[in-house]
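Taking it in order: structure first as structure tokens, then the write-up.
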Amino acid sequence: MGRRHHPDSMIAYLRNHLNVRIGAAGPGELRRRETMSLVTSPTARGGGARRPALPQLQAAASTFALLSSPVRLHLVWLAANAPRDVGTLAREVGVTVASASQHLTKLRLAGVVTTRSVGRNHIYTVEDPHILTLVGQIFDHISPDGTLAPDPAPR
């Protein structure tokens, strides 16, 4: 099973590799689960949700920045739907293995994808339920032609 990254290691990665300035966050101060609950909470639209802390906002913005690359987002979507090795991912996305590997390394260091070794191959997958929800929601929200999907019918 792949190694899960603590949010503090994600902050270190973002600081070192993406030149993102993130405020000092001690262990446990950055909680992705709480950040996601602000979005999915029924009270989020009604104003009853807690305001996100600055480190949460910065880490969330960095995660969105990481996923803003169509190639990375495609890699995450594929890995979220079935475990795949880097060669398969590269072929399905239409990039070289070297390019896919570089993108996957960034995603792995940020804790978006996980990896496990099977023989000489690294198998990539998405295990974090928050990432799975985020990726599923964005593609439910955007139609295949790139326009916004219609809202679901009220119940």
Accessible-area ranking of Ser68, Ser99, largest first, probe 1.4 Å: Ser68, Ser99
Expected vector for segment 89-95, Karplus 3J(HN,Hα) from phi with 6.51, -1.76, 1.60 and θ = phi - 60°, integer Hz, x for Gly and Pro, equals 4, 4, 4, 6, 8, x, 10
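In whole percent, what relative contact order does segment 53-116 give with Cα contacts below 8 Å and a gap of six or more residues?
Values: 34 pairs, mean separation 18.2, N = 64.
The value is 28 percent.
Starting from 0.36 nm per residue, how many nanometres of slack lie between Ser117 and Ser69 once their C-alpha separation is accounted for?
The Ser117-Ser69 span can extend by a further 14.7 nm.
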Length gained when the stretch Glu92-Ala149 is fully extended (0.36 nm per residue, less Cα-Cα span): 18.1 nm
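Roll a 1.4 Å probe over the protein chains and send me the accessible area per residue for segment 87-140 in Å².
53
The values are calculated or read from the model by the stated rules, or taken from the named source; none is laboratory data. It should be emphasised that the depicted structure is a prediction, and the values quoted were computed from it without experimental measurement. Heavy atoms of the whole protein, side chains included, go into the accessibility calculation; ligands, DNA and RNA do not. Shrake-Rupley method; radii C 1.70, N 1.55, O 1.52, S 1.80 Å.
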